[in-house]
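Scroll down for the structure; my scribbles are underneath it.
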Amino acid sequence: MLVTGVGGTGVVTIGQLIGMAAHLEGRAVAVLDMAGLAQKGGAVTSHVQIAASHDALFATRVALGEAQLVIGGDLVVSAGSDALARMRPGVTKVIVNADVAPTVEVLRNPDWRLPADRLLDDVRAAAGADAVDVVEAQRIAVALCGDALYANPFLLGWACQRGWLPVSPAALERAIELNGAAVAANLAAFNWGRRAVVDLAAVRQAAFGFEAGSPGAAAEPVPVADSADGADVANATGVTDSGGATRSLEAMVAERAAYLVAYQDERLAQRYRALVERVRKAESNARVAVAGATGGALPGPGTLTEAVAQQYFRLLSYKDEYEVARLHSDPKFLQRLGAQFEGDWSLRFHLAPPGLAKVDPLTGRPRKIAFGPWLLPVLRGLAACKFLRGTAFDPFGYHPERREERALIGQYEALVEELLAGLSAPRLARAEELARIPEQIRGFGFVKEKNLAAARLRWHEGLQAWRAG
């Protein structure tokens, strides 16, 4: 069998646990770890062979097409040529983690997305579609055990419960105990994995508060507020089924409005809802016109409304000093830290406050300063002063970056109004493209400044093309 993953996540440990469990049951074992030059984050594969006697073990590696089980802690490594070559339909069973770790390409291109579906197709083609199980092990492990490191013991439990391992659950539990590292947490992750095979919905409910795939699963982790009338949204988007698309858009607007109340006040949330509602109505009218002309049903959900709901929210909730203070002093944030770490620990905040942080002469970037836990009361006090945001009494509001952020809000509102004034069904796709331009404005400080310059160029060119029809 193979255990695949990345360095630093316990791939080698899983191979050793299986080997120890087999040894406890009197089997012959050969374990070969292929880490190469990889350290944390690099590809790692553990070859594990179990037989009745050592005479039956002829090689250190699993032969091509002979892997009876692949425990895939990382999809990229599991779909690599070396792992795929050892799979064969009718022979190999696979359990793979659906949560994909980011690769270095994300640093070069923030918009790049790993082709997870294509990688899964490769795995299914190599092992047979019916022989591949996929589960979001990392997210479940973080939610239930507090750390992504427990994803691999979770997958081990899954494989055990499926009957794909030639060792007993009792032997694997004893091997975890003998390993002596985070025994309680590893046993918990192992048994959560076993339970997930029997009742995955219950495990997801315990982890996330909903079953994955339900309408709530698509929602982002921001506070939930009372939602608007579902019938209005259905009319706007043209969704006529029972579907999650309508509820998802409705929930997204409600959740972001609730966040803006916590960020500033109800007035800002109302400003947000008002613009999104104007877009909703305009897009609905454009789609109704298409339906009337063709005699068909309304085409598709309100993608322009969704774009504005996402990007307008991003601009309204820019991360200034008050918001950084609010998020870091939030009792829920501190409770999560307390649940994640044990023993005697303390917080250190690394910040670059305007006027205090010195500029690095080599990079030209501000150097961050470390602050101890005494900063927490200061952050709470600063968060309480959020009512000063954008007023003449805002001491941070005169900084060029803050002035730019406030100006962007008004400029985006003007852009949306211009798009609505010339909106028609054939121009919906182009309007959505323009409405999503703020998505390019990422980061903070000098990083944001660079991205903003590129986004403004696209903004200007796109608007000129829009005006030219």
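In summary, strands (runs of 3 or more DSSP E) completely within the stretch 25-144 and bearing 3 or more residues that are at pLDDT 90 or above and touching a Phe, Trp or Tyr at 6+ places or on another chain (Cβ under 9 Å) occur at 93-97. When G410, G462, G445 are checked against the criterion of being without any contact (Cβ under 8 Å) to a residue 60 or more places away in the chain and either surrounded by 18 or more Cβ atoms within 10 Å (Cβ to Cβ) or within 24 Å of L260 (Cα to Cα) (or both), G410 stands alone in meeting it. Based on this model, can you work out whether A43 counts as surrounded by fewer than 18 Cβ atoms within 10 Å (Cβ to Cβ), under 28 Å from the mean Cα position of the chain (by Cα), within 27 Å of V183 (Cα to Cα) and not β-branched (V, I, T)? When the stated conditions are applied, A43 does not pass them. Among the residues of the stretch 315-369, just one is loosely packed, with under 10 Cβ neighbours inside 10 Å, outside any loop (DSSP other than H, G, I, E, B) and among the aliphatic types (A, V, I, L, M), namely A339. Comparison of A125, A189, A116, A129 shows that the only residue that is of a type in the set (A, V, I, L, M) and either crowded, with 19+ Cβ neighbours inside 10 Å or not assigned by TED's automatic domain parsing to the domain that holds G90 (or both) is A189. Among the residues of the stretch 384-405, those that are free of Cβ contacts under 8 Å to residues at least 24 places away in the same chain and closer than 19 Å to P354 by Cβ comprise G390, T391, A392, F393, D394, P395, G397, Y398, P400, R403.
When D394 is tested against (1) more than 30 Å from the chain's Cα centre (by Cα); (2) part of a loop (DSSP other than H, G, I, E, B); (3) surrounded by fewer than 18 Cβ atoms within 10 Å (Cβ to Cβ), just one condition goes unmet, and that condition is (3). Screening the stretch 81-94 for residues that are touching a residue at least 60 places away in the same chain (Cβ under 8 Å) and over 18 Å from R162 (Cα atoms) and picking the one that is farthest from the chain's Cα centre (by Cα) gives R86. Restricting attention to the stretch 155-177, the residues that are without any contact (Cβ under 8 Å) to a residue 24 or more places away in the chain and either more than 20 Å from C145 (Cβ to Cβ) or hydrophobic (A, V, I, L, M, F, W, C) (or both) add up to 2. If I ask for residues that are among the basic types (K, R) and either farther than 15 Å from E401 by Cα or assigned by TED's automatic domain parsing to the domain that holds P354 (or both), which ones from the stretch 434-455 would you list? Across the stretch 434-455, the qualifying residue is only R436. Among the candidates L415, L434, L423, the residue that is closer than 22 Å to A274 by Cα and in contact (Cβ under 8 Å) with a residue 60 or more places away in the chain is uniquely L423.
Just to be sure, is G381 part of a loop (DSSP other than H, G, I, E, B), out of contact with any Ser or Thr (no Cβ under 8 Å at 6 or more places or on another chain) and closer than 22 Å to G355 by Cβ? Criteria not met by G381.
The values are calculated or read from the model by the stated rules, or taken from the named source; none is laboratory data. What you are looking at is a predicted structure, and each value in this text was computed from that prediction instead of being measured. All Cβ positions, glycine included, derive from the backbone under ideal geometry; neighbour counts span all protein chains shown.
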